[in-house]
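> Just dropping this structure here.
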Amino acid sequence: MKSCPKCNETFPDTHFRCPECNVELVQLTVQNEAPDLVILCTVLNESKAHIMRGFLESEGIPCQLENISFHAEPAPVADLMKVRLWTLKEDAEQARRLLQERESIQVCSGCATEVDEQDEICPNCGERLDEC
Ligand SMILES: [Zn+2]
Ligand SMILES: [Zn+2]
């Protein structure tokens, strides 16, 4: 399927130009419009998640926060806050590096959960945390 970039009329692949507008048709990609998002990290502190997002956006990396606290069934009180940070796939690597460069933020390479900077072993998955 192709479409005209001017009038948005759709045509079969056998057409190359829009007869109305006389412009070249563009190939329509199927369901490929949604941006490719990945989980950058899971943060156990909502205000920290907001700080991290603000920091990343100031570096030109757009991100989204998803509060997943409410999805947890009988939510244990200690686990009240859980926020996921999403970024575009192509930005994820740079975003992780930027976060690691910030002294106050350490993200487990095993489960992508934000951990305490003093932690040597991830309390979440037991992964050994390397000093960066
Ligand atoms: Zn057209
Ligand atoms: Zn972990």
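> Straight-line reach from LYS89: which lysines fall under 23 Å, measuring Cα to Cα and dropping same-chain residues less than 8 apart?
Partners found: LYS48.
> Next up: What accessible area per residue, rounded to a whole number of Å², is obtained for the chain using a probe radius of 1.4 Å?
Here the residues of the chain average 68 Å² of exposed surface.
> If R0 is 35 Å, what FRET efficiency do you get for GLN64 and CYS7 from their C-beta distance, rounded to 0.05? Present the calculation step by step, with values, prior to reporting the outcome.
Numbers: r = 33 Å, r/R0 = 0.95.
Result of the calculation: an efficiency of 0.55.
> Where Rh denotes the Kirkwood radius from the mean inverse Cα pair distance, what is Rg over Rh for the chain?
Rounded to two decimals, Rg/Rh equals 1.22.
> Which angle between 0 and 90 degrees, to the nearest 10, do you get for helix 46-58 versus the longest principal axis of the chain when only C-alpha atoms count?
Compared with the principal axis, the helix lies near 50 degrees.
> As a test of reading the structure, rank MET52, MET1 by solvent-accessible area (1.4 Å probe, protein chains only), most first.
Values: MET52 0, MET1 115 Å².
Reading off the accessible areas and sorting them downward yields MET1, MET52.
> Something else about it: May I ask for the angle, rounded to the nearest 10°, between helix 89-101 and the longest principal axis of the chain, with both axes built from Cα atoms and the value confined to 0 to 90°?
Between helix and principal axis, roughly 30 degrees.
The values are calculated or read from the model by the stated rules, or taken from the named source; none is laboratory data. Keep in mind that this is a model prediction, so the values were computed, not measured. Because the Cβ atoms are built from the backbone with ideal geometry, glycine has one as well, and the counts that use them run over all protein chains shown. Ligands, DNA and RNA are stripped out before the accessible areas are found, and what is left, the full protein with its side chains, is counted by its heavy atoms. Shrake-Rupley method; radii C 1.70, N 1.55, O 1.52, S 1.80 Å.
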